[in-house]
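The structure appears below as structure tokens.
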Amino acid sequence: MILEIVTKVYDQIITDKHIGYRVTNSQNDEVTFVPKNVNNSDYQKIQEWDAIDGNNIVEPGE
Amino acid sequence: MSSVIKVNTVQDADGNNIINESGDVITVGAAGDTVTVAGNVVKSNALQASDAGNIVSQSGTTITVGASGDTVALASGASQTGFGSNAFRNIIINGDMSIAQRGTSATSLTGSGYNTCDRWRSQISSAGTWSQSQSTDVPTGQGFATSYKWDCTTADASLAAGDSIIFQQRVEAQFLQYLKKGTSNAESLTLSFWVKSNKTGTYIANLYDENNRNISKAYTISAANTWEKKTLTFAGDTSGAFGNDNAIGLYVQFFLAAGSNMSSGTLATSWESYTAANQAVGQVNLADSTSNEWYITGVQLEAGTSASDFEFLPHDVNLRRCQRYCFSEPAGDAYHLICNGFYPNTSLFIGIIYLPTTMRGEPSITTSGSFQTASTSDKTASNFTSTDNAVSNINAVQIRADVSSVTAGDGANLRNANDATAKFILSSEL
């Protein structure tokens with residue numbers, strides 16, 4: 001999973017509940033939903049990526 | 001003409017019994033004697049210990065080793081081969097590279113991730129560009145059908161200090177408890193594998209644990225473009241116990257390149273607290289030419305100081321083990337069904353995927369291509385999510401997808417939209 005564009009994802013029913021992230025890979029058309037779960041290694045990778053200066057998680061529609 | 005001598009006892013010149021009969025009991029030799037059978041064949045239905053307990057017995061075609069209450073142990077340094085001998089002894093999953101759910105090839109690789117063969121992760125840190133594939137180039141006559149191939153497509157002949165390439169498998173800690181790591185009885189580990197490359201020289205294999213401890217061993221690819229079997233034994237580690245959980249316990253790593261940050265020290269040939277510079281001393285730079293290729297298969301890590309034959313698992317068993325970490329709906333099938341579900345409102349689909357095996361944890365969902373829900377009419381499905389929040393032992397996943405203008409309450413199924421190249425992958429890798 002290449003972290004280029006990372007967007008917050010909210011629950012489709014409880015719309016203010018943050019449930020994960022969507023990672024879009026512009027090179028291969030792949031889209032990955034990553035649940036907000038500390039046991040998920042993709043979630044861990046996003047947290048590490050977000051902690052680096054210059055990387056930014058965007059809100060939907062931004 | 002035949003002759004018969006009838007006696008109860010035969011003795012040697014010193015008067016010691018060689019053969020003695022007392023009732024139905026015939027005794028050969030005496031205490032302290034060694035009895036040798038010429039021709040090495042003894043025919044018997046049972047071999048018993050001095051307490052009359054069976055060691056080996058035969059009844060018809062059934063051979064029984066030991067008796068009730070016995071412990072049948074293998075001597076230190078001995079190894080077993082054949083079906084049923086210490087089954088699932090290989091700590092590595094998919095060591096024969098036979099399962100490749102994500103696809104059989106990947107190109108333009110420069111970063112980290114799982115690309116082709118299941119469970120195998122690549123970590124490329126500014127060290128060239130690579131293609132990888134599940135190859136059919138294998139060592140002859142060993143039973144392997146596939147190997148993992150690395151092919152350099154853009155070289156980096158001058159590695160910066162922090163550059164490296166690592167090919168690794170991450171092992172769940174709860175699968176490693178029997179190694180007794182962190183105790184005085186810690187098991188040794190033996191890593192065996194087949195490897196081939198045009199680039200000869202020194203390579204490094206490394207074990208790195210969750211406690212920031214590691215040990216490395218060097219091996220040499222001696223002959224270019226020739227399959228060679230390598231066996232490396234790592235001492236048991238009396239420090240740093242594995243946690244008993246579903247997180248990473250051990251990284252089994254093969255270096256393919258290492259800048260000075262990882263190679264300028266003294267190779268850590270004994271377990272030690274991690275010092276980067278001691279990890280891959282002497283490692284050749286496989287990224288130094290676009291002519292370079294590296295193949296590996298038959299990777300086995302097992303307890304003990306010797307390598308047993310590679311443990312081939314049935315394909316379905318191997319697949320199930322991989323599916324604990326990755327479950328991919330098969331590509332190549334137009335309108336392939338993902339799951340059944342319903343519309344709770346006019347813009348949402350909810351379905352359940354029942355998994356073929358328990359996944360390690362809540363998975364990510366990776367998709368490419370186009371999908372639709374099918375009910376009274378077909379509707380484009382996008383923006384997949386799941387909501388579970390479970391930490392481990394996932395047996396089913398609730399899938400949600402955005403749709404539009406559907407009828408609340410209707411049943412529907414989720415499938416690819418006549419897109420045989422569509423991918424739908426659940427991943428719970430370490």
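The values are calculated or read from the model by the stated rules, or taken from the named source; none is laboratory data. Just so we're clear, the structure is a prediction, and the values are computed from it rather than from any experiment. Neighbour counts are summed over all protein chains in view; Cβ atoms, including those assigned to glycine, are modelled from backbone coordinates with ideal geometry.
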**Prompt:** Which condition number does A:ILE46 fail, the rest of (1) more than 9 Å from chain B (Cβ to nearest Cβ); (2) buried (at least 20 other Cβ atoms within 10 Å of the Cβ); (3) in contact with a Lys or Arg (Cβ under 9 Å, 6 or more places away or on another chain); (4) of a type in the set (A, V, I, L, M, F, W, C) being met?
**Reply:** (3)
**Message:** Which numbered condition in (1) surrounded by fewer than 22 Cβ atoms within 10 Å (Cβ to Cβ); (2) within 14 Å of chain A (Cβ to nearest Cβ); (3) not in a strand (DSSP E or B); (4) not basic (Lys, Arg) is the only one that B:THR376 fails?
**Reply:** (2)
**Message:** What are the pairs with Cβ atoms under 7 angstrom where one residue, in the range A:1-16, is more than 7 Å from every other protein chain (Cβ to nearest Cβ) and the other, located anywhere, is basic (Lys, Arg) and loosely packed, with under 15 Cβ neighbours inside 10 Å? Sequence gap at least six, or different chains.
**Reply:** A:TYR10/A:LYS17
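Given the residues B:ASP333, B:ASP402, B:ASP419, B:ASP388, which is the only one that is among the charged types (D, E, K, R) and exposed (fewer than 15 other Cβ atoms within 10 Å of the Cβ)? Please lay out each step first, then the result.
Numbers: B:ASP402 fails: exposed (fewer than 15 other Cβ atoms within 10 Å of the Cβ); B:ASP419 fails: exposed (fewer than 15 other Cβ atoms within 10 Å of the Cβ); B:ASP388 fails: exposed (fewer than 15 other Cβ atoms within 10 Å of the Cβ).
Sole residue among the options that is among the charged types (D, E, K, R) and exposed (fewer than 15 other Cβ atoms within 10 Å of the Cβ): B:ASP333.
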**Prompt:** Give me the pairs: first residue in the range B:114-137 and free of Cβ contacts under 8 Å to residues at least 12 places away in the same chain and surrounded by fewer than 23 Cβ atoms within 10 Å (Cβ to Cβ), second residue hydroxyl-bearing (Ser, Thr, Tyr) and in a loop (DSSP other than H, G, I, E, B), beta-carbon distance under 7 Å, and six or more apart or on different chains, which are they?
**Reply:** B:THR136/B:THR146
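Within the range B:232-244, identify whether any single residue is under 25 Å from B:THR116 (Cβ atoms), of a type in the set (Val, Ile, Thr) and part of a strand (DSSP E or B), and answer yes or no.
No: the range B:232-244 contains no residue that is under 25 Å from B:THR116 (Cβ atoms), of a type in the set (Val, Ile, Thr) and part of a strand (DSSP E or B).
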**Complete:** Of (1) over 21 Å from B:GLY113 (Cα atoms); (2) facing chain A (nearest Cβ under 10 Å); (3) not polar (S, T, N, Q), B:ARG360 satisfies every one except (1)
**Message:** I need a count of the residues in the range A:27-62 that are under 13 Å from A:GLU4 (Cα atoms), within 11 Å of the chain's Cα centre (by Cα) and among the polar types (S, T, N, Q).
**Reply:** 2
**Residue satisfying all of: in the range B:83-113; free of Cβ contacts under 8 Å to residues at least 40 places away in the same chain and part of a strand (DSSP E or B); nearest to B:ALA258 (Cα to Cα) among these** = B:SER112
**Asked** Hey, among the residues in the range A:17-43 that are more than 8 Å from every other protein chain (Cβ to nearest Cβ) and in contact (Cβ under 8 Å) with a residue 24 or more places away in the chain, which one's farthest from B:ASN393 (Cα to Cα)?
**Response** A:ASN25
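For the structure I just gave you, tell me whether B:LYS180 is more than 16 Å from the chain's Cα centre (by Cα), farther than 19 Å from B:LEU232 by Cβ and charged (D, E, K, R). Working first, answer last.
Working: more than 16 Å from the chain's Cα centre (by Cα): yes; farther than 19 Å from B:LEU232 by Cβ: yes; charged (D, E, K, R): yes.
Judged against the criteria, B:LYS180 is a match.
Would you check if B:SER216 is buried (at least 21 other Cβ atoms within 10 Å of the Cβ) and modelled with pLDDT of 95 or more? Full working, then the answer.
On the way: buried (at least 21 other Cβ atoms within 10 Å of the Cβ): yes; modelled with pLDDT of 95 or more: yes.
Spelling it out, B:SER216 is indeed buried (at least 21 other Cβ atoms within 10 Å of the Cβ) and modelled with pLDDT of 95 or more.
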**Message:** So for the range B:311-325 (the condition being closer than 28 Å to B:ASP419 by Cβ, at pLDDT 95 or above, surrounded by 17 or more Cβ atoms within 10 Å (Cβ to Cβ) and within 14 Å of chain A (Cβ to nearest Cβ)), does at least one residue qualify?
**Reply:** yes
**Prompt:** What residue, among those in the range B:284-318 that are in a strand (DSSP E or B) and among the aliphatic types (A, V, I, L, M), is farthest from B:ILE165 (Cα to Cα)?
**Reply:** B:ALA303
**Request:** Could you tell me whether the range B:358-365 includes any residue that is among the small types (Gly, Ala, Ser), surrounded by fewer than 17 Cβ atoms within 10 Å (Cβ to Cβ), in a strand (DSSP E or B) and at pLDDT 95 or above?
**Result:** no
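Look at B:THR407 and say whether it is more than 9 Å from chain A (Cβ to nearest Cβ), over 24 Å from A:MET1 (Cα atoms) and in a strand (DSSP E or B). Full working, then the answer.
Values: more than 9 Å from chain A (Cβ to nearest Cβ): yes; over 24 Å from A:MET1 (Cα atoms): yes; in a strand (DSSP E or B): no.
Answer is no for this residue.
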